[in-house]
Structure formats: structure tokens, C-alpha cells
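The values are calculated or read from the model by the stated rules, or taken from the named source; none is laboratory data. These figures come from a predicted structure and were not determined experimentally. Note that we place each Cβ from the backbone using ideal geometry, even for glycine, and neighbour counts take in every protein chain shown.
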Amino acid sequence: MHKETWNRRELLLGVGAAGIGALGSGLPISALAQTSITVGFIYVGTRDDYGYNQAHAESAAELKKLPGIKVIEEENVPETQSVQRSMQGMISQDGAALIFPTSFGYFNPHVVTVAQRNPKTRFAHCGGLWTQGKDPANAGSYFGYIDEGQYLNGVVAGHMSKSKKLGFIAAKPIPQVMRNINAFTLGARSVDPSITTTVIFTGDWSLPVKEAEATNSLADQGVDVFTMHVDSPKVIVETAARRRRFVCGYHADQSKLAPQAYLTGAEWNWITPVKAMVEAARSSKTHPNFIRGGLKEGFVKTSPYGAMVTPVARKNADDVKARMLKGEFNIFAGEIKDNTGKVVVAKGVSLNQTAIELESMNYLVEGVIGRG
Amino acid sequence: MDIDAISSVVLAILAGAIRVGTPFLFVSLGECLTEKAGRINLGLEGVLVISAMSSFGVSYLSGSAWAGVLAGAGSGALLALLHGLASSLRRVNDIAMGVAIMMLGIGLAFYLGKPLIQPQAPTLGSWSLGFWSDSPQLRSALEINALFPLGVALAFLMSWAFANTRWGLLVRMVGDSSDAARALGTSVTLVRTLATTAGGAIAGLGGASLSLYYPGSWNEGLSSGQGLIAVALVIFARWRPVACLGAALLFGGAGALGPALQSVGITGYYYLFNAVPYALTLLILVLTCSPHRVLRGAPAELGVGR
Amino acid sequence: MNSITEAWEALLLPLLAIVGALILFGLFVALAGYNALEVWMLLFMGAFGDAFSLQNTLLRAAPLMLTALCMALPARAGLTVIGGEGALLVGALACASVPYLWQPPSGWFGLAFLLAASAAAGAAWIALAGYLRQYRGVNETISSLLLSYVAVNVFKHLVEGPLRDPSSLNKPSTLALDDSWLMGSIGTYDVHWGLVWGIGACVAASIWLSRTTHGFATRVVGGNAKAAGLVGLPAHKLVIMACCLGGAAAGLAGGIEIAAVHRAANASVIAGLGYTGILVSFAARHHPLAIIPIAILLGGFAAAGSMLQRRLGLPDASVQVLLGFVFVLILTAEAARGRLGWQDMRAWWSPSAQPLAGRA
């Protein structure tokens, strides 16, 4: 056994030497300058939840395929002291140079605290919270405009719904969730202005029994297309499929779970910002503090259409998507009223994705039944 | 709120009562049996989770949901057996052991269940007793899952057995007065341990219903304390199996209240709605308990009825 | 049975149980294909291996010491209270919400005031369970459990509703505490002052129980309520006072979570520390001084769990399995107490030994 490993090591060294020789022969200098780097990922839930955490884990898995990157992961880390300890452990014990704490609630105070204590390590938090002047420079944020995906979900749902009643199951009434609900509804109403969306808030990010209950409740009311903003959409997708309704996915691709019920989905494509952060770290460029993007920048993507989606729906959605990819389409363009009748986006005003007003959205647009 | 909305909320509560109440029913029946024999098993939360995982796993691997149900009952029985044996030792407090078993059960379930989070497994069917109706709500409210009638039958069976069979009498005697039982030559430890194990098997059926029917999937957030609350449910029902049925439906319906109200447009205060069943149980306990006499129906050996 | 044997048993039994649990855990992970030796080594390293690990361990142990007292003190008075989680949350809520009503002065005096408020809130919560038991005959295990669930929901409702900080958009929280009220780290170490509070509370509780008349009276009530009544001890008052003290400890833990860790009350505070405290207390046989090492051991395992995940890819639940084994075995080992004396050991080996004198 000993001899074998020794021989293997020799072989590896030999191959490595040959490899470096080959490298030196014709590749650009920048490839040689790549140093090995340890990157840490921390998830708040399980890695394969078909949802939020899986989307991040998928980007970590893609990162692992790239040479010279060592990826360490920890899952089920709650938003308490534990995550501070996990991050510090990755730095002190595993030598991580870049850490991705992926849950929204990690940033304040945990990431900020650990970033202040470790100025040489880079932190890339998913959530778009980093503020110039307030937060340390070695911490940064990235996030995606997934409401674009939800808008496209809404367009498809608008075509596929026969009862003209859509359902949205959400965790908490926070701005990011409200934005998704509104985008979905606006998308559907662009197809048919009489469509309504009923929203149910379960109260927390992962409550499978409540999510199933909400789905059934809405199905009883006649809702025939569902979408959601919860950590793991698996239960909602399966329950909706069992009630023979349609469902649009979120976070990751759930089409395998219900191929006949899955229309399309709004997915994250985290590898884009993750790679940007890793490249900056490896080539010692400044740590990007705030990067965001939508479909155009490759931060989010849409799932392939399900078999049941009609050609009319596909064409409509593809057209809108093409305009989004060219940067010609704004979801929140006036006049938009909320569901109490108040005007929230004035006529003629067209808010693009980076508009600051969208960050504190606390209304639900006309056509949404429910309140935050 | 118009009559349509009211009736839909009522129907949603009824539907929820059966759907959400099924695990409550089985766990409370299992705890009822255990407590009638004089032991508290707080570990039923662990039993619920591990039986949910194992029934999902066996269903996935074997392709048969009912095989999964058997596995759920079996794993529940095993974990409860451990609780029964360990708590029978001298100087071991069964409340503490229950919490330890809960921790062990949940840990094992999460550990072994990691590969089961993604897959889908065959689920249990249901009977559409509302096929005659036009209203989708009524139809879904009368969608009875395959395990629910089993639970109802079990409740009545247990009720009858406690009063009319030798085993039922033995269990009650061991629970009310272990001295009297010993005087008759019964092994108190044996009966208690058997009752605990059987209780675990019954509670295991509840776990199977969670992962194989509703919500019908395995993940780590499946149970939200139903096993622990079953202990309160049993007291609420005064250790009567048929009353456990009613209590389970009540708690199930209360769980469905929040989403039902939201779906007709009444929003907000959902956390307070969540708190209602617990506050209600506490209130009922406060109103009905008295420091001067034992809680009616409490097995004396339990030490719970004061 | 002399006290040397008692002391030796008190140390040996839990130790044997822990070793047994570690062996069991090693077998368990070996079945899954991991190397048991590596796992044991990492457990040790992750708990006590370097300065980072040690601090990590102590940090995780700190709140457990306080929540364990919430179980231990009423237990010495004869009650089984498992509502520490509720008391912790009520204490956290109090700490975060007092500034809404009245701004305490800045600096450590304000912090002390906030912590006192947390302790008072926790004390009231558990005292309610005690009151219901003494005056209404409601079983305290059930009532404290129910109160816990009510506390969780009231906490969530208040934090996300009436008490919400409007600028805490995507993570609903209460208004953050003023910087001067925050509890900092001990010197240059990574451990916050909550550790000192935890150890201090355990030591104080131990002194109270063993050296004061009040504590002694409480133990009498806990040992035999009827006898205590016969002797004229005010059982009701003593029991409720024990509940107050236990609840105060858990409430204090909640306040410390806010002041030292989270800075504002939000859903992340709900972390199950109360339930782990129950087991720590039982494992320590409700002795406040024994709570300290047991909490540290638990903190150590939890700290090591992080390393097991990162280095070996073991699932996070493996630590829970280990803890489950530890507690089941520690509790089971109790059965051997009183049977490990020299006479008993001799009896195991020699067939003509004296029959054992009846022991409880």
C-alpha cells in the first residue's frame, strides 16, 4: 500500500511537471498567474432542497470543477453565533481566502463582525445589503433581479390559467418577496388584465406543512397556477401537481418533480457573480463590493418550458425575454396602482431594476388579493 | 365577509382538520397508550421524525407506499422500545430520557435521511368521498387519506379495549397502581415497555402519513413539534382515545385556520393564530385542573395529574 | 455508602457514558464508510485542539449554562420545567423592547438595566408555570411547554409587526440596541462576557442551594413536599421563587443573545438553546456546578461538528446523533449509581458474596 501511494505520487509529479511544461509553451501569462485558493460556502439549510440553498450549492459545484480552487462547505448553519464561528473556522483552520455566506440573515451582524476582525479575507454575501461607508471594504454583496424571471413566469401563467386565478405562496412580506409577487402579477395581467393573484404568507422560510396547507387552500379557491417564494418549493410543486394544477418554479429547476405540471421557472445563476468574485480574489484585484444583475448579466435564468406550455405562451414569454436581454424592458413602469387603489408608480415613470424605490417595496399591486 | 367566504373557510378548516390532524391523531393515540401504562414519552417527536424518514425511504426504495407505512411503524416501535427499556431502569427519569430519545431520533433521521431529500417516493392514495359534489372545496374537504380511517378505527378499538379486554385492564392497572399489578404477579416493567413500544408503532403511523401523504415529502422541517404537543393533546383529551380523535381534529383545524383565512383575504396576525391551539390547551388545563384532586382520568403512576 | 464512593461515582459514571457514546458514534460513522479514528481526532481538535476551537467551545457553552439553570433550579424544588426556550425568548424580547418605552442611560449601566429587564421577564414567565402548578394543579411540564410555544409565536408576531424597525426591510428585526449597550468580548479573545455571566450564575446558584437557608429549604421542598409542609416551610413561595430564579437565568441568556450576538431581536434568536439546556441539566443531575463542565462538553461537540462537516464532509446531523448517544447513555448510566461500590464489585466476582443491602 505504501509503495503504491509513493508510486502514485511520483506519477502525479511527473504528469504535473509535463503539464507545466506544456502550459509554458503556448498559453497566455494570466493562466500561469492563477494561484490556488480556498473558498468557503455556508448554507442556512440543506444543500439539496430543490430551492434556495441548492441554487448556491450548484454554483459551488461548478466552482469545484475549475482548477486550483478548493471548496469547503457547511450546511444547516443557523443565523446565530454559529455562522460567525463557522466563518472564523474556515479562515483560521482551513485558510479560506474568500467566503460566501449565502443566507440573507447572515450579514448583519455576523458577516460584518467577522469581516472587521479579518481584514485580509474577502466575504461575498448574497443579498445586496452592503452599504458604502458603513460596511467594511472586504465584505461585499451580490444579488440578482429574479423578479424578471417571475415576470416571465407570470406571462406564461397568464396564458395557461383557465380560471384566471393565480396563487402565490410566500414566506414573509419583505420587499424582495413583494417584488416577486408584483412582478408575477404584472406579467400575468399583461396577458389578461382580469387575472388576480391570491397570496398566502406562511410566516417562515421553511414550513412544509403550512406550505402544503396553503397550496390546498388556494386550490380549493379555484387557483390553477401556482408560484412561490419559500426556501424549498418542493412541497408546493408536488402538492400543486397532485391537485392537477400548474406550477411555476423558483430558485432552482423543479421540473423533474412534476413534469406535467411544471410550466417554467425563475432560477438563480449564481455561478456568474461567484466566478467574478473568485477571479478578483485570485488576481488580487479589489473585491467587488456590490454586484447585481438580471437576465441580461447572466445572474438569473429561466427554466426550459414544460411540455404543457402552449406555443402562444412560449412566443409571448420569449418576446419579453428578448427585450429584457437587450435591456429594453422595465417591469415597474407607470402607471401602477396598488391593491388599495393608490398610485405607486406614476404615469410616465419607468423604474429600471436598480431604482432605489424598488428596494423598499411595501405594497402589492392591483390584482393581488392579500396584504403584507 | 360574505356567506361564500365563510363557508369556504369552514370547509378549509374541516379539510385541514383531517389532513393536518392525521399525524396528531396517531401520535396522541400512541402517547395515550404509553401514558395509560404510566410512562411519559416525550421522545415521540423523535419517533415521528424517524418514522417519517424511514417510511419515505422504504417507499422510495421498494416502490410501495404501504411497505413504507410498515417501516414507519417498525422504526417508531424500535425507538420507543429503546425509550421503554432505558426508562425502566432505576433512577432514570422518563421525561429526561424522552428528550434525549427525541434528540437521538431526530439526529438519526436527519443523518440517514440526507439522500432522501431530493427523491420522490410513491405516496399513499386517498378516497374521494366528495365525488358527488360540484364544489372543489367540498370535494377536497372529503378527500380522506388512507390512514385516517385506520386512525379512527384505532381510537375506537383502543377505547373498547381499555374497558373490555384483559390487556387493556392490565395496562390500566399498571398505570394506576403498580403495587396492585405486582400483587397480581404482573411484571410492571414488561407491560409498560410493551405499551411504550406499541405506542411508538402507532405514532410511527403518524410519521408515515406526514412523509407519504401530507405534505408527502421528506425534509428536515417536516415536524414542527407535533410529537411534543401530542403530550398536551392527551391531557386535553383526558386519556380517552376517542377524545384524542376530537382533539387531533381540533388542532389540525386550528393549523389550517391561518392559510384558510388568508386565502379569502383576511391577512395578518398569522403568528397569533398559530398560538391559539396552545393557548387554548393551557386555558382548558387551567380551568379544569385543581390542586386538591387528581385530574380526572389521569393514570396515577404518571405523576402528571398532581 | 461513603461520600468518597459517591464522588467517584459522580465522576466515573458520566465519563464512562461519554466514552461509550464516542465509541458508539465511531462505530456508527464507520458503518457509513468514514474512518472512526479520524472522526475522533477531529472531534477533539475541533473542541479543544487550538485556541480558536477552545474559544468556539466556550462561546457555545455560555448560553447553555444559563438555560440549564432554568431546568435545574426548579428541579431542585421538585418541579420539571422544560420551558427554558420560552423564557429565553421573553427575556430577549424584553431586552430589545425596553428602549421603545424608555431609553436607559448609555454605557454599562444601561446594559445592566436591560439585562435586569430580561431576567425579570424570564422569571415572570416561568413563575407563571410554577404558580399554575402550586395553586391550580396544572402540571408544570405541560404548562411550561405550552408557554414556550406561545412565547415563540408572540415573539415572532411582535418582532415582525408592532415592534419592527421600519428600516429592517428584508430581515424583520426590532430597533438595534445602541452601541454603548452592546456586550463586548473578553479582552482580545473571541468570547463575549456572557460566559462570565453563565459561570457566575452557576456558581451563585450552587452557593444559594448549598449554603443558604433559603436554598436548603428549597431542597427540602424538592425532596419531599409533604414533609416540608409538616415542618412548616412555605412550599408555594419557595417553589415559585425557584421558578423565578430559573426563569431569570434563561431570560438573562436571552438578553445576552441580544446584547452580545444579534444586537436586535429577530427570528434568528429562536435557536433551540432552551431544549439543549434541559439535557445539560439532567446530565449534571441538576447540580449547578456540574452544569459548567457539561455545557462546555456540549459546546465542544457542537464546535467540532462544524469541523467534521468541513474536513470530512460528514452531514451536520452527525453531531446531533453523537449528542443523542451521549445523553441517552449518561441518563442510562444513572441506573448503575449505588451499584459501583467496592462491596458491590466484590459481589460481582465472588459467588458467595453477601446479598446486597436494599438500595434505592
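Here are some notes:
- Of all residues in region C:162-176 being closer than 15 Å to C:SER268 by Cβ and out of contact with any Phe, Trp or Tyr (no Cβ under 9 Å at 6 or more places or on another chain), the one that is nearest to the other protein chains (Cβ to nearest Cβ): C:PRO172
- Count - residues of region A:92-111 that are within 10 Å of chain C (Cβ to nearest Cβ) and within 24 Å of the chain's Cα centre (by Cα): 9
- Residues located in region B:118-146, provided they are part of a helix (DSSP H, G or I) and under 21 Å from the mean Cα position of the chain (by Cα): B:ALA141
- A:ALA241 within 24 Å of B:PHE273 (Cβ to Cβ) and in contact with a helix residue (DSSP H, G or I) (Cβ under 8 Å, 6 or more places away or on another chain): no
- Test for C:VAL328: is it farther than 24 Å from C:VAL81 by Cβ, among the aliphatic types (A, V, I, L, M) and at the interface with another protein chain (Cβ under 7 Å from one of its Cβ atoms): no
- Residue in region B:14-31 that is of a type in the set (Phe, Trp, Tyr), more than 14 Å from chain A (Cβ to nearest Cβ) and within 21 Å of the chain's Cα centre (by Cα) present: yes
- Residue check for B:ALA80: within 8 Å of chain C (Cβ to nearest Cβ) and surrounded by 23 or more Cβ atoms within 10 Å (Cβ to Cβ): no
- Number of positions in region C:135-156 that are more than 7 Å from chain B (Cβ to nearest Cβ) and surrounded by fewer than 24 Cβ atoms within 10 Å (Cβ to Cβ): 1
- Test for A:ASN330: is it in a loop (DSSP other than H, G, I, E, B) and of a type outside the set (Gly, Ala, Ser): yes
- Of the numbered criteria (1) in contact with a helix residue (DSSP H, G or I) (Cβ under 6 Å, 6 or more places away or on another chain); (2) surrounded by 20 or more Cβ atoms within 10 Å (Cβ to Cβ), the one A:PHE332 fails is (1).
- Residue within region A:341-351 that is under 28 Å from A:PHE246 (Cα atoms) and not charged (D, E, K, R) present: no
- When region A:195-218 is filtered for residues that are more than 8 Å from chain B (Cβ to nearest Cβ), surrounded by 22 or more Cβ atoms within 10 Å (Cβ to Cβ) and free of Cβ contacts under 8 Å to residues at least 60 places away in the same chain, only A:THR215 remains.
Listed here are the residues, each with its yes/no results for (1) crowded, with 23+ Cβ neighbours inside 10 Å; (2) more than 10 Å from chain C (Cβ to nearest Cβ); (3) of a type in the set (Phe, Trp, Tyr).
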| site | (1), (2), (3) |
| --- | --- |
| A:TYR50 | yes, yes, yes |
| A:ALA60 | no, yes, no |
| A:LEU66 | no, yes, no |
| A:LYS70 | no, yes, no |
| A:GLU73 | no, no, no |
| A:MET90 | yes, no, no |
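- Exactly one residue among C:SER281, C:SER306 is touching an Asp or Glu at 6+ places or on another chain (Cβ under 7 Å), within 12 Å of another protein chain (Cβ to nearest Cβ), in a helix (DSSP H, G or I) and among the polar types (S, T, N, Q), and that residue is C:SER306.
- B:TRP239 being outside any helix (DSSP H, G or I), touching a Lys or Arg at 6+ places or on another chain (Cβ under 7 Å) and buried (at least 24 other Cβ atoms within 10 Å of the Cβ): yes
- Only one of the numbered conditions (1) modelled with pLDDT under 90; (2) surrounded by 21 or more Cβ atoms within 10 Å (Cβ to Cβ) is violated by A:PRO109, and that is (2).
- A:GLU79 being within 8 Å of another protein chain (Cβ to nearest Cβ) and at pLDDT 90 or above: no
Residues checked against (1) over 25 Å from the mean Cα position of the chain (by Cα); (2) farther than 16 Å from A:GLY149 by Cβ; (3) in a strand (DSSP E or B):
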residue	(1), (2), (3)
A:ARG179	no, no, no
A:PHE184	no, no, no
A:ALA188	no, no, no
A:GLY203	no, yes, no
A:GLU211	no, yes, no
A:THR215	no, yes, no
A:THR227	no, no, yes
A:VAL235	no, yes, no
A:GLU238	no, yes, no
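- Restricting attention to region A:320-372, the residues being acidic (Asp, Glu) and closer than 27 Å to B:PRO259 by Cβ number 2.
- When C:ILE199, C:ILE207 are screened for being exposed (fewer than 14 other Cβ atoms within 10 Å of the Cβ), at negative phi, of a type in the set (A, V, I, L, M) and part of a helix (DSSP H, G or I), only C:ILE207 passes.
- Out of B:ARG192, B:ARG182, B:ARG166, one residue alone is away from every other protein chain (no Cβ under 14 Å), in contact with a Lys or Arg (Cβ under 7 Å, 6 or more places away or on another chain) and not aromatic (Phe, Trp, Tyr). It is B:ARG192.
- For region C:313-322, the criterion of a residue being surrounded by fewer than 17 Cβ atoms within 10 Å (Cβ to Cβ), more than 20 Å from C:GLU85 (Cβ to Cβ) and modelled with pLDDT under 90 is satisfied by at least one position.
- One residue from B:ALA243, B:ALA248, B:ALA230 being touching a residue at least 40 places away in the same chain (Cβ under 8 Å) and either under 16 Å from B:ILE13 (Cβ atoms) or out of contact with any Asp or Glu (no Cβ under 7 Å at 6 or more places or on another chain) (or both): B:ALA248
- Residue that is in contact (Cβ under 8 Å) with a residue 60 or more places away in the chain, buried (at least 22 other Cβ atoms within 10 Å of the Cβ), closer than 23 Å to A:SER103 by Cβ and within 14 Å of chain B (Cβ to nearest Cβ), where the choices are C:VAL159, C:VAL90: C:VAL159
- B:ALA52 facing chain C (nearest Cβ under 9 Å) and surrounded by 24 or more Cβ atoms within 10 Å (Cβ to Cβ): no
- Considering residues of region A:332-365 that are over 12 Å from A:ARG179 (Cα atoms) and touching a residue at least 40 places away in the same chain (Cβ under 8 Å) only, the residue farthest from the other protein chains (Cβ to nearest Cβ): A:ILE336
- Tallying residues that are within 22 Å of C:TRP197 (Cβ to Cβ) and either outside any helix (DSSP H, G or I) or modelled with pLDDT of 90 or more (or both) within region C:24-56 yields 0.
- In summary, B:SER159 fulfils each of the numbered conditions (1) within 14 Å of chain A (Cβ to nearest Cβ); (2) hydroxyl-bearing (Ser, Thr, Tyr); (3) under 25 Å from B:THR281 (Cβ atoms); (4) out of contact with any strand residue (DSSP E or B) (no Cβ under 7 Å at 6 or more places or on another chain) with the single exception of condition (1).
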